[in-house]
Amino acid sequence: MKVLMNDTDPNQTEAGSLVNSEPINEGFRSVIDVEQVSFAYDGKKEVLRDVSMKIREKEVTAFIGPSGCGKTTLLRCFNRMNDLIPTAAITKGRIRILDSDISAREVDPIELRKSVGMVFQKYNPFPKSIYENVAYGLRIAGVKKKSVLDETVESSLRHAGLWEEVKDRLDSSGLGLSGGQQQRLCIARTIAVKPEIILMDEPCSALDPISTTRIEELITQLKKDFTIVIVTHSMQQATRVSDRTAFFYLGNLIEMDDTTKIFTSPAERRTEDYISGKFG
């Protein structure tokens, strides 16, 4: 992996200069390098414009900004989920994950998604037992040994903070769990295949406050072992769970820096206006 370096040349946007703050710190590694990426859904209408950033290893990076600003589109680029949309494509630039260009012809999107897992906005457990939900990815990968499956299911459920709640009903349907439990089950299913990166697209938007707190606590614990990128419309959530925050507006990355700095002394007026509620 490459050591995080400083990006000193600002990219220009239609609205003005973009601040992409990346202070030099040899103690950090980047696992995702976004290099001047533009993206369009129909070949003409760009939803991302010249975005460059580095995502640091084993940190939580939050993407914030108004609806339609491109943050979820970029998140879906990281594991090539946008490939499922025929008219969608990166029109400029490239994305490197774990030192590999993910758009290269030899990169298999299915293999990529083993390293870059995703948790969606709406929890989506399979209509299977709790056990089989977690074991699903392993079975697809050809794992058949019961002891390995058992160990991984338990480990993943423990990682997701769900084991103690479900250990006596692993054969019960995952659909019978509460909303918050179902989302944690989906997280357990994601980490069972041992990804290095977990993408989270508004993982708490459909949850009650208590379940949201549990997921946020879980995110803080998971970053010890995983790099996490989360899209959130809650600026309070970004301040609670993330180490770094990127603010998007109209397809542009306006500013990216340590979360504390973004929310206390942003470099860009547009960032300050957004977090103070003047628009969004």
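Split the accessible area of the chain by element, probe 1.4 Å, and carbon with sulfur accounts for 50%.
Accessible area per residue was computed with a 1.4 Å probe on protein heavy atoms; ARG189 scores about 40 Å².
Ranking GLY68, ALA104, THR91 by how far each Cα lies toward the positive end of the dipole of the range 61-104 (charges on Cβ) leaves GLY68 at the top. Only protein heavy atoms count here; under a 1.4 Å probe, CYS186 has an accessible surface of about 0 Å². Counting only DSSP H runs of at least 4 residues, each contributing -39500 (n - 2.57), and dividing by the residue count of the chain, the helix-based mean residue ellipticity at 222 nm comes to -9000 deg cm²/dmol. Using a probe of 1.4 Å, the accessible surface attributed to ILE110 totals some 110 Å² when neighbouring protein chains are kept in position.
A dipole drawn for the chain from +1 and -1 charges on Cβ atoms has a positive end, and of SER265, ILE140, HIS159 the residue lying farthest that way is ILE140. The listed peptides 62-75, 130-143, ordered by packing as a protection proxy, come out as 62-75, 130-143 (highest mean of other Cβ atoms within 10 Å first). In terms of its Cα atoms, the range 77-214 spans 50, 39, 24 Å along the principal axes, sorted from long to short. Placing one equal scatterer on every Cα of the range 132-280 and applying the Debye formula, the log10 ratio I(q)/I(0) at q = 0.19 Å⁻¹ is -1.11. Electrostatic bookkeeping for LEU162 treats Lys and Arg as +1 and Asp and Glu as -1; over the other residues with beta carbon under 14 Å from its beta carbon, the sum is +1. For the chain, what percent of Cα pairs sit more than 27 Å apart? Above the 27 Å cut-off, the chain has 40 percent of its Cα pairs. Both radii come from the Cα set of the range 17-165: Rg as radius of gyration, Rh as Kirkwood radius; their ratio Rg/Rh reads 1.01. Taken per residue, the accessible surface of the range 144-212 reaches 46 Å², heavy atoms only and a 1.4 Å probe. Taking Cβ atoms as reference points and 14 Å as the exclusive limit, the residues near CYS204 contribute a net charge of -1, counting Lys and Arg as +1 and Asp and Glu as -1. Can you tell which of GLY174, TYR41, PHE247 lies farthest toward the positive end of the dipole of the chain, using +1 and -1 charges on the Cβ of basic and acidic side chains (Lys, Arg; Asp, Glu)? It is GLY174, whose Cα lies furthest towards the positive end. Note on surface exposure: SER211, SER276 rank SER276, SER211 by accessible area, highest first, 1.4 Å probe. Computed over protein heavy atoms with a 1.4 angstrom probe, the accessible surface ordering of PHE247, PHE126, largest first, is PHE126, PHE247. About its Cα centre, the range 147-280 has a charge dipole of approximately 200 debye under the convention of +1 per Lys or Arg Cβ and -1 per Asp or Glu Cβ, with nothing else charged. Sequence-ordered 3J(HN,Hα) estimates for the range 66-76 from the Karplus curve with 6.51, -1.76 and 1.60 and θ = phi - 60° stand at x, 4, x, 8, x, 5, 5, 4, 5, 4, 6 Hz, glycine and proline given as x.
The values are calculated or read from the model by the stated rules, or taken from the named source; none is laboratory data. Note that the coordinates shown come from a computational prediction; the quantities given were computed from them, not determined experimentally. Don't worry about glycine lacking a Cβ; one is built from the backbone with ideal geometry, like all the others, and counts go over all protein chains shown. Ligands, DNA and RNA are excluded from the accessible area calculation, which covers all protein heavy atoms including side chains. Shrake-Rupley method; radii C 1.70, N 1.55, O 1.52, S 1.80 Å.
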